[in-house]
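Rule-based calculations on the coordinates, nothing more; no lab input. Not measured: the values here are computed from a predicted model. Here the Cβ positions follow ideal geometry from the backbone for every residue, glycine too, while neighbour counts run over all protein chains shown.
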Amino acid sequence: MSAALPAPALALLQEWLPSNESPARPLMTLSTIGLDGYPDARSVLLSEWDEDGFFLHTDARSRKALQLGAEPRAALTLVWPELKRQLVVQGDAAPASADEETWAYGHRSRYLQLLAWLNDPAFAALPEAERVARWASFDAAHPALSAPDTWQGFRVAPVRLTFWEGRDDAASRRREFALVSSTWQESLLPG
């Protein structure tokens, strides 16, 4: 990213998002541009975030990894219905560093660490009973795991952040921060 996030945007992110040490990771919708030109979307976990971007991790053989490799632009949407909040991040995606990938894998739950090893097309095609048996066998045989070679992280460096807040006593409003010519511009928009 060519310009540091402005202080008001960083303050909102610190208020809205959990710390990176929190085991509860928010679910977000990752939107990418498909290889066929159509938009594609799926739910992923926000692994971590900092003033330079938002991190997600996946299997390097996944459709989302292929799409981000071909067209490294993405949108991330996080929603908190109970708080009447939504955050949309648009940005440029780039591979995460090896150190960041190692850190993120180590902070995943045991289930998600196992999933990174076992979740491939061949495993998905197995009958349910065989998947359950293989999962249990692999889990028992590997009490400690490091990330598989297929573990890949991406950092989405924001070019636009849109914070939406709904209200019961007034119209909702969006507070947007957009990177224009290396300078962040803030605007207030109708909800």
Among residues other than Ala144 whose Cβ falls under 14 Å from its Cβ, what is the net charge (Lys/Arg +1, Asp/Glu -1)? +1
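Figure the gain on full extension for Glu21 and Ala136 (residue separation times 0.36 nm, minus the Cα-Cα span) and round it to one decimal in nm. Can you show the working numbers first?
On the way: separation 115, 0.36 × 115 = 41.40 nm, distance 2.80 nm.
The span from Glu21 to Ala136 would gain 38.6 nm if fully extended.
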Total charge of the residues flanking Gly34 in space, meaning their Cβ is under 9 Å from its Cβ, with Lys and Arg +1 and Asp and Glu -1, is -2
Once Lys and Arg get +1 and Asp and Glu get -1 on their Cβ, which of Pro148, Trp80, Ala96 lies farthest toward the positive end of the dipole of segment 78-191? Trp80
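Please grab the % of Cα pairs in the chain that end up more than 21 Å from each other. Walk me through the numbers before you get to the answer.
Numbers: 10219 of 18145 pairs.
Here the long-distance tail beyond 21 Å is 56 percent of all Cα pairs in the chain.
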Can you give the net charge of the other residues whose Cβ lies under 13 Å from the Cβ of Arg25, counting K and R as +1 and D and E as -1? -1
When only DSSP loop residues count, what trypsin sites (Lys or Arg not before Pro) in segment 98-191 have their Cβ near at most 15 other Cβ atoms within 10 Å? Arg167
Electrostatic dipole magnitude of the chain [Cβ: Lys, Arg +1; Asp, Glu -1; Cα centre; debye, to 20]: 380 debye
Along the Cα→Cβ direction, 7 angstrom out, place labels at Val79 and Ala60. What is the inter-label distance in nm? 3.4 nm
Using only Cα atoms, locate the centre of segment 1-77 and the centre of segment 150-186, then give the distance between them in Å, rounded to an integer. 12 Å
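Quote the convex hull volume per residue of segment 1-76, based on C-alpha atoms, as a whole number of Å³.
On the way: hull volume 8.0 nm³, N = 76.
Normalising the Cα hull of segment 1-76 by residue number yields 105 Å³.
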In debye, nearest 20, what is the charge dipole magnitude of segment 147-191 about its Cα centre with +1 on Lys and Arg Cβ and -1 on Asp and Glu Cβ, if you could check? 120 debye
